[in-house]
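Asks: Before I ask anything, let me first share the structure, which is written out below as structure tokens.
The values are calculated or read from the model by the stated rules, or taken from the named source; none is laboratory data. Just so we're clear, the structure is a prediction, and the values are computed from it rather than from any experiment. Cβ coordinates were reconstructed from backbone atoms using ideal geometry, including for glycine residues, and neighbour counts include every protein chain displayed. Just the protein is used for accessible areas: all its heavy atoms, side chains included, with ligands, DNA and RNA removed. Shrake-Rupley method; radii C 1.70, N 1.55, O 1.52, S 1.80 Å.
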Amino acid sequence: MSSAVAVPLTGVLVASACALLGSFLILRRMAMMSDAISHAILPGLVAGYVLAQGPNLFAGFLGASLAAAVTVTAVEALKRTRRVDAGAAIGIVFPAMFALGTVLVTWRFSDIHLDADAILFGNIEFVAFDTFVFNGQDLGPQSVWVMSGLCLLNLLFIGIFYKELKLTTFDAGLAAALGFSPAIVHYALMLVLSITSVGAFSAVGAVLVVALVIVPAATAYLLTDRLAVMIPLSVVIGAVAALIGYRVAIAVDASIAGAMVSAVGVLFGLALLFSPSQGVVARAWQNRRNRAVIASQMLVVHLFNHEGAPDSEEESSVEHLSDGLRWSPARTDMAVAGASRRGWVVRANGHLELTEPGRETARLVLAR
Amino acid sequence: MTHAPLFEHAPPGTPVPAVSLRDLTVAYRETPVLWDVDLDIPAGSLTAIIGPNGAGKSTLIKAALGLAPLAAGSVSIFGEPYKEQRDLVGYVPQRGSVDWDFPTNALDVVMMGTYGRLGWIRRPGKAQREVAMRSLEQLGMADFAHRQISQLSGGQQQRVFLARALAQDAELYVMDEPFVGVDATTERAIVDLLRELQARGKTVVCVHHDLESAPDYFDWLVLLNVRIIADGPFAATFTPENLSRTYGGRTHVLGRLDHEAVAREAQEIELRI
């Protein structure tokens, strides 16, 4: 398999495996836990490397899982002391683990595969050269096999325990009362996340894993309000970002991992701006509409209150409105235009007159 | 004020209490919040647990459901430990205990009530969906089945929670402040539901805050302030003496045996505490 196939394929598989877990982490308000784990597995990876006396996948996963378990347990224990909050607990534990890992790497193993660049930024560029050989047969890049395995693992995990993950995420109290231990589900999710992080780590490095886990799900959350849609949508977003990132990186000769994460950031930005339901643009448009409607309603109520009163002539004159309501002429025009378009007022020689629907609107607004 | 006769629907003979707590002490971080509670809640009753803020009302029901750490004592539900009776207990947590922005709809939340019987891994199917739909109908929420839960009003969210407990198809329903912050329609729906559950022989235990409405809704009363102050049939237990002992000993203002006056006074006291 050539690099032109192996690299983007690995990218898509890494992004998909990560994105599968992102939805639950976001909904559990544990987004930063994936950052913690992707850093904290480093001493475990190094320990695995030492014990296996070389790069060994199984030893790496085992060491990383143990390091992740230590991290999660330490964070939980720190939180339980109630002397530090959840964010601080994570902030204390993961740099300590990462620091331990960097010390180990630079102290004894400065000449080996695990160099600082690979730790920070991964080495997805070279995945095609690290092939999986079995019985003398070259079965293609190891990374493609590993990442496919991780995708399958995460797919099975979420597929089989979807109900349990959903219930413990939404209502841990009911889950516990019904006999679904939230702690077991929590640790299982953390275990799967740590195994996934090992794979993602080798591709994009410790710093960027969190982006592949969290950003696709955060993007999907802006686009849907159904969990069953959010999960597959986040996988699609992650995979598309990986492909875009790869193409851009090749075109401008830049870091592939960096370009992949930048691409997913851009997709998030687009969703934040243009999501039909929750986007900034849609919200602003909605707010503008609401303000316009309220201005017209205020106008109608004003006319209604002065109707039949001695000053009604003056209060309803179009010139006076701007003055009396302390509105800019532009705003007054907008309110008058809105009210006449809705059939609430009609103009009659420089005055505004309420129509029957206009009076009805005023009564409704005032009754509320 | 009407009080339903007690044990109208309970089986003959000496009934097993729905909830039985023996020498129960609950502690969070080594600090006991409930001291040495002995309590029997009769099967078939509509029971209110009443007490001031911080009295341990929620803790009491959480302990009964195995959700709070027991420092001492034991819990039995219809005569057996809770773990063996899970399927008999429906639970309505406080509405504020969950995130209503969760990406799901009302029907899906109600279906969660059926998860307990399904156990691990088995997925909800058509039968569970029908149970959930019927439960929503019973609370007048069928039209909102596919509504995003964040778009429901507070009262509607509360009715979704009650429908979820109904979907558990339990014998004992434990509710944490179901009447807090709900509209009149929801309040009526909850009261109708409580009456209907009792008519079907079920037991309901509610943490309740409003002393004025309590005599209308419940027939058994537990007064709690870190320990049990008094418990028994509602009318006999809802006395000025008991209330003043529960809410902090201002006996001199509680001279009359008029329920509403007692309720008002006690609530004023609670506000001051």
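Asks: Using the charge dipole of the stretch B:19-238 (Lys, Arg: +1 at Cβ; Asp, Glu: -1 at Cβ; taken about the Cα centre), state which of B:230, B:85, B:197 has its Cα farthest towards the positive end.
Replies: B:85
Asks: Where a Cα-Cα gap under 21 Å defines reach, which lysines qualify for residue A:163, not counting those fewer than 8 residues away within the same chain?
Replies: Output for residue A:163: B:83, B:126.
Asks: Rank by packing, highest mean first: peptides A:273-286, A:134-147, with packing defined as the count of other Cβ atoms within 10 Å averaged across residues.
Replies: Order by mean packing, descending: A:134-147, A:273-286.
Asks: Which of the three applies to the protein assembly as shown, rounded, prolate or oblate, going by the alpha-carbon gyration tensor with a ≥ b ≥ c and a/c under 1.5 meaning rounded?
Replies: oblate
Asks: A follow-up question, please. Could you tell me whether the stretch A:281-367 comes out rounded, prolate or oblate from its Cα gyration tensor? Rule is a ≥ b ≥ c as square roots of the eigenvalues, rounded for a/c under 1.5, then prolate if a/b exceeds b/c, otherwise oblate.
Replies: prolate
Asks: Now for a separate question. Can you tell me the dipole magnitude for chain A around its Cα centre, using point charges on the Cβ only (Lys, Arg +1; Asp, Glu -1), in Debye to the nearest 20?
Replies: Magnitude of the dipole: close to 720 debye.
Asks: Where does each of A:92, B:77, A:195 land when they are ordered by accessible area, with a 1.4 Å probe and the largest first?
Replies: Details: A:92 90, B:77 0, A:195 40 Å².
Ranked from most to least accessible, the order is A:92, A:195, B:77.
Asks: Right, another one. With all protein chains present, calculate the accessible area of residue A:162 using a 1.4 Å probe and round the result to the nearest 10 Å².
Replies: Rounded to the nearest 10, that gives 50 Å².
Asks: Continuing with this model, one more query. Taking Cα pairs under 8 Å and at least six residues apart, what relative contact order does the stretch A:21-86 come out at, in percent?
Replies: 26 percent
Asks: A further question follows. Using the Karplus equation 6.51 cos²θ - 1.76 cosθ + 1.60 (θ = phi - 60°), what ³J(HN,Hα) coupling, rounded to whole Hz, does each residue of the stretch B:91-105 give in order, writing x for Gly and Pro?
Replies: Here the 3J(HN,Hα) series is 10, 10, x, 4, 4, x, 7, 10, 8, 6, 7, 4, x, 7, 10 Hz.
Asks: Moving on to the next point. List every residue whose amide H lies under 5 Å from the amide H of residue B:230, counting only residues 5 or more places away in sequence or on a different chain, with H placed 1.01 Å from N in the peptide plane.
Replies: B:223
Asks: Right, here's the next one. How far is the Cα center of the stretch A:118-174 from the Cα center of the stretch A:213-257, in Å?
Replies: Taking the Cα centre of each part, the stretch A:118-174 and the stretch A:213-257 sit 16 Å apart.
Asks: From other protein chains only, count the Cβ atoms within 10 Å of every residue's Cβ in A:163-173, then give the mean.
Replies: 6
Asks: Quantify how strongly other chains surround peptide B:96-106 by giving the mean number of their Cβ atoms within 10 Å of each of its Cβ atoms.
Replies: So the per-residue partner count for this stretch is 5.
Asks: Here's a follow-up. Go through B:78, A:121, A:170 and list them by solvent-accessible area, largest first, probe radius 1.4 Å.
Replies: A:121, B:78, A:170
Asks: Now for a separate question. For residue A:79, give me every one of the aspartates and glutamates with a C-alpha distance below 12 angstrom, ignoring sequence neighbours fewer than eight places off in its own chain.
Replies: The reachable aspartates and glutamates, counting only those whose Cα sits under 12 Å from residue A:79, number zero.
Asks: Another question about this same structure. Report the full-extension gain for the segment residue A:134 to residue A:152: residue separation times 0.36 nm, less the Cα-Cα distance, to one decimal in nm. Mind dumping the intermediate values first?
Replies: Working: separation 18, 0.36 × 18 = 6.48 nm, distance 2.11 nm.
Stretched fully, the residue A:134-residue A:152 segment lengthens by 4.4 nm.
Asks: Roughly how big is the B-A contact, given as buried accessible area in Å² (both sides, 1.4 Å probe, nearest 100)?
Replies: About 2700 Å² of accessible surface is lost on pairing.
Asks: Let me ask another. Dividing the Cα convex hull volume of chain A by residue count, how many Å³ per residue is that?
Replies: Measuring per residue, one finds 217 Å³ for the Cα hull of chain A.
Asks: A further question follows. I need to check one value: relative contact order of the stretch B:19-238, counting alpha carbon pairs closer than 8 Å and at least 6 residues apart, in percent.
Replies: 29 percent
Asks: Further question: So, in Å, what gap is there between the alpha-carbon centers of the stretch A:178-210 and the stretch B:17-35?
Replies: Taking the Cα centre of each part, the stretch A:178-210 and the stretch B:17-35 sit 36 Å apart.
Asks: Along the charge dipole of chain A, pointing to its positive end and built from +1/-1 on Cβ of Lys, Arg, Asp and Glu, which listed residue (A:308, A:348, A:9) has its Cα farthest out?
Replies: A:308
Asks: Per residue of chain A, what 222 nm ellipticity follows from adding -39500 (n - 2.57) for every DSSP H run with n ≥ 4, rounded to the nearest 500? Display every interim value, and only then the final one.
Replies: Details: 18 runs with 280 residues, N = 368.
So the calculated ellipticity at 222 nm is -25000 deg cm²/dmol.
Asks: How would B:212, A:315 line up by accessible area, probe 1.4 Å, largest first?
Replies: In descending accessible area the options line up as B:212, A:315.
Asks: I would also like to ask the following. Apply the Karplus curve 6.51 cos²θ - 1.76 cosθ + 1.60, θ = phi - 60°, to the phi angles in the stretch B:170-180 and return the couplings in whole Hz, x for Gly and Pro.
Replies: Listing the rounded values in order: 9, 9, 10, 10, 10, 10, 9, 6, x, 8, 6 Hz.
Asks: Another question, then. Rounded to the nearest 500, what is the 222 nm mean residue ellipticity of chain B from helices alone, with -39500 (n - 2.57) per DSSP H run of 4+ residues and division by all residues?
Replies: Result for chain B, helices only: -9500 deg cm²/dmol.
Asks: When chain B is treated as a GNM, springs tying every alpha-carbon pair under 10 Å, which of B:152, B:139, B:67 comes out with the largest mean-square fluctuation?
Replies: Among B:152, B:139, B:67, the largest GNM mean-square fluctuation belongs to B:67.
Asks: For the protein assembly as shown, build the charge dipole from Cβ charges (+1 Lys, Arg; -1 Asp, Glu) around the Cα centre, then report which of B:138, B:150, A:366 sits farthest towards its positive end.
Replies: In the protein assembly as shown, that residue is B:150.
Asks: If you plug each phi of the stretch A:342-357 into the Karplus form 6.51 cos²θ - 1.76 cosθ + 1.60 with θ = phi - 60°, what whole-Hz ³J(HN,Hα) values come out, in order, with x for Gly and Pro?
Replies: Computed from phi, the couplings for the stretch A:342-357 are 7, x, 8, 9, 10, 8, 9, 5, x, 10, 9, 10, 6, 8, 5, x Hz.
Asks: Enumerate the helices in chain B for which the Kyte-Doolittle hydropathy averages -1.0 or more and the C-alpha atoms extend at least 15 Å along the helix's axis, using complete DSSP H runs.
Replies: B:154-167, B:184-199, B:259-272
Asks: Relative to the Cα centre, what is the charge dipole magnitude of the stretch A:256-368, using +1 at the beta carbon of each Lys and Arg, -1 at the beta carbon of each Asp and Glu, and rounding to the nearest 20 debye? Mind dumping the intermediate values first?
Replies: On the way: 12 positive and 11 negative charges, 164 e Å.
It works out to roughly 780 debye.
Asks: Roughly how many debye, to the nearest 20, is the charge dipole of the protein assembly as shown about its Cα centre, given +1 on each Lys and Arg Cβ, -1 on each Asp and Glu Cβ, and no other charges?
Replies: Taking the Cα centre of the protein assembly as shown as origin, the dipole is about 920 debye.
Asks: Then there's this: Inside 10 Å of the C-beta atoms of B:163-170, what's the mean count of C-beta atoms belonging to other chains? Could you put the intermediate results ahead of the total?
Replies: Details: counts 0, 2, 1, 0, 0, 3, 0, 0.
Mean number of neighbouring Cβ atoms from other chains: 1.
Asks: Further, regarding this structure: If one takes the longest principal axis of the Cα atoms in chain A, at what angle in degrees, from 0 to 90 and to the nearest 10, does the Cα axis of helix A:182-204 lie?
Replies: 70 degrees
Asks: Counting only residues 5 or more places away or on other chains, whose amide H sits under 5 Å from the amide H of residue B:27 once H atoms are built in the peptide plane?
Replies: Under 5 Å from the amide H of residue B:27 lie the amide H atoms of B:33, B:71, each far enough along the sequence or on another chain.
Asks: Show the residues, 5+ positions off or on another chain, whose built amide H is closer than 5 Å to the amide H of residue B:91.
Replies: So residue B:91 has HN proximity to B:174.
Asks: Taking only C-alpha pairs under 8 Å that are 6+ residues apart, what is the relative contact order of chain A in percent?
Replies: Relative contact order, chain A: 20 percent.
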